[in-house]
Amino acid sequence: MAIRILGTGSYVPPRALSNFDLEKMVETNDEWIRTRTGISERRIAERDVLTSDLALEAAKRALDMAGIEPSDLDLISVATVSPDRPLPSTSCMLQKKLGAENAACYDVLAACSGLLYSIEIANAMLKAHKKYRYALVVGAEKLSSVTDWTDRSTCILFGDGAGALVLARDDSGTEEDKEFFIASKLGSMGKYSDLLQIPAGGSENPATHETVDAHMHFVKMDGQAVFKLAVSGMVKACRETLEEAGVDPEKVAWIIPHQANMRIIDAIANRLELPLERVFRNISKYGNTSSASIGLCLDELNRDGRLKDGDYVLLTAFGGGLTLGAMLIKWYNKK
Ligand code: COA
């Protein structure tokens with residue numbers, strides 16, 4: 001029995017918001033944003049486009065590549081911090097839009113590490129139960145809906161988008177060496193929960209006129225503190241994952257770090273002594289799309305034909321929670 005990757009898909013809304021556009025909204029400038037973050041523009045969804053709509057487009061593309069129907073799906077997982085509604089789950093909204101009536105649906109809230117947590121859970125469920133054959137794993141965010149457009153320290157960072165994967169349990173036993181999931185290290189640091197948060201909208205601060213007036217329904221972040229913890233956390237998780245797998249860093253064809261800040265990405269590559277040409281980056285086009293980030297990268301690499309059979313790909317992420325993780329996968333293109 002093995003877990004296989006059958007398809008990837010991604011979607012970003014068409015409207016780009018450039019750094020120059022932001023100059024007209026808050027006290028900032030293109031040069032500051034580019035040199036401090038590596039971001040040039042980000043995509044912003046229209047008012048009536050929901051997180052589940054972004055997820056739907058990415059999911060359709062992944063299912064198309066996988067060559068299976070929505071009704072074949074046994075599991076649908078959506079990682080998001082910007083759900084359509086607090087209740088029900090965005091995965092149930094996606095199920096409705098896809099018409100995937102045979103799937104069990106659940107959301108994962110692990111912020112920017114959400115897709116790694118989702119893959120870990122789907123991998124374990126597929127391996128544990130024969131009744132699950134096909135899993136759709138999606139990271140989707142409409143971060144523009146939880147961004148404070150008057151706060152220059154955060155509004156320059158975030159964007160909207162979705163990335164999806166179709167995983168399958170293969171019981172044929174004929175291709176044992178084509179296992180997708182190799183090793184992982186997930187972790188959390190709840191003691192730093194205040195560093196990156198949306199303070200209101202939950203049981204602690206239910207919505208009131210005051211919470212709205214105080215902008216408490218938007219993302220708040222201590223950027224410098226998060227920056228330092230992100231670099232050390234992702235480097236440690238990558239090292240532990242490679243050690244568990246017994247794979248040397250030079251055997252890694254691609255590392256896909258969560259796209260939070262170009263300086264964080266460069267620092268990780270530097271500490272792991274990985275050449276920059278093997279470090280995937282698309283942050284300049286999309287900014288930080290939280291749970292969607294790694295799925296967007298993986299699909300871009302896959303569709304560009306840059307992933308070869310047998311390639312080791314190291315994924316790593318860090319985000320609100322705080323949560324962190326690394327995952328080593330082995331790539332096989334669908335024949
Ligand atoms: N434009 C212009 N100036 C800005 C600005 C903006 N958009 N945002 C902040 N500044 C100013 C600050 O007010 C500060 O001014 P001061 O020195 O007069 O007080 C100065 O720039 C430096 O701010 P600082 O916060 O120290 O900048 P930084 O180099 O740490 O960069 C972030 C800020 C947010 C880009 C950076 O901390 C970061 O990327 N952190 C991690 C974010 C992240 O990864 N989050 C998600 C985790 S997955």
Probe 1.4 Å, all protein chains present, accessible-area order of Trp32, Trp331, Trp254, largest first: Trp32, Trp254, Trp331
Here the stretch 279-284 yields Karplus 3J(HN,Hα) values (6.51, -1.76, 1.60; θ = phi - 60°; whole Hz; Gly and Pro given as x) of 9, 6, 9, 9, 4, 4
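Over the chain, what is the percentage of antiparallel beta bridges among all DSSP beta bridges, to the nearest 5?
Counting DSSP beta bridges with both partners in the chain, the antiparallel share is about 70 percent.
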The alpha-carbon pair-distance distribution computed for the chain, with 20 angstrom bins and whole-percent values, is 34, 59, 7, 0
How much of Tyr11 can a 1.4 Å solvent probe reach, expressed as accessible area in Å² and rounded to 10? 50
Would you mind checking the pairs Lys131/Lys308; Lys131/Lys236; Lys185/Lys334; Lys97/Lys330; Lys142/Lys236; Lys97/Lys308 and listing those with alpha carbons more than 28 angstrom apart? Lys131/Lys308; Lys131/Lys236; Lys97/Lys330; Lys142/Lys236; Lys97/Lys308
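Taking the Cα centre of the chain as origin, work out the dipole magnitude from +1 charges on Lys and Arg Cβ and -1 charges on Asp and Glu Cβ, in debye rounded to 20.
In debye, rounded to 20, the chain gives about 340.
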List, in order, the whole-Hz ³J(HN,Hα) value for each residue of the stretch 81-96 obtained from phi through the Karplus relation with A = 6.51, B = -1.76, C = 1.60 and θ = phi - 60°; use x for Gly and Pro. 10, 10, x, 4, 8, x, 8, x, 5, 5, 5, 5, 5, 5, 3, 4
Express as a percent, rounded to the nearest 5, the fraction of DSSP beta bridges in the stretch 181-330 (both residues included) that run antiparallel. 75
Please calculate how many Å² of accessible area the chain carries per residue, with a 1.4 Å probe and no DNA, RNA or ligand atoms counted. 43
Extension gain Asp222-Arg34, at 0.36 nm per residue separation less the Cα-Cα distance, in nm? 65.8 nm
Calculate the FRET efficiency for Arg152 and Lys60 from the Cβ-Cβ distance with a Förster distance of 35 Å, rounded to the nearest 0.05. 0.45
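With an 8 Å cut-off on Cα pairs and a minimum separation of 6 or more residues, tell me the relative contact order of the stretch 2-170 in percent.
Working: 377 pairs, mean separation 58.1, N = 169.
About 34 percent, as a whole number.
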As an exercise, use a Förster radius of 45 Å and the Cβ-Cβ distance of Arg263 and Ser203 to find the FRET efficiency, rounded to the nearest 0.05. 0.80
Quick one: pull the percent of accessible area on the stretch 2-170 belonging to carbon and sulfur, 1.4 Å probe, ligands and nucleic acids left out. 51
Contour excess over end-to-end distance, with Cα ends at Asn282 and Lys130 and 0.36 nm allotted per residue: 51.0 nm
For the stretch 46-55, Karplus couplings with θ = phi - 60° (6.51, -1.76, 1.60), whole Hz, Gly/Pro x: 5, 3, 8, 9, 9, 4, 5, 6, 5, 4
Inter-part gap, Cα centre of the stretch 19-94 to Cα centre of the stretch 123-193, in whole angstrom, is 13
Once all protein chains are kept in place, His209 shows an accessible area at probe 1.4 Å, nearest 10 Å², of 150
Report, to the nearest 10°, how far helix 262-271 tilts away from the longest principal axis of the Cα atoms in the chain, using its own Cα long axis and a range of 0 to 90°. 50
If you average the sequence gap of Cα pairs under 8 Å that are 6 or more apart and divide by the length of the chain, what percent do you get for the contact order? 26
Ignoring ligands and nucleic acids, Asp171 exposes an accessible area, probe 1.4 Å, in Å² to the nearest 10, of 80
Which semi-axis lengths, in whole Å and largest first, follow from the square roots of five times the eigenvalues of the Cα gyration tensor of the stretch 25-91? 33, 16, 11
Between Ala79 and residues 5 or more places away or on another chain, the pairs with built amide H atoms under 5 Å apart involve Val108, Val138, Gly139, Ala140
Point-to-point label distance, Ala253-Ala104, nm (Cα→Cβ direction, 7 Å offset): 3.3
Using 0.36 nm per residue of separation minus the Cα-Cα distance, give me the extension gain between Val26 and Val212 in nm, one decimal. 65.0 nm
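The values are calculated or read from the model by the stated rules, or taken from the named source; none is laboratory data. Bear in mind the structure is a predicted one, so any value in this text is a computation, not a measurement. Positions of Cβ are backbone-derived with ideal geometry, glycine not excepted, and every protein chain shown enters the neighbour counts. Areas reflect the complete protein model, heavy atoms only, side chains present, ligands, DNA and RNA absent. Shrake-Rupley method; radii C 1.70, N 1.55, O 1.52, S 1.80 Å.
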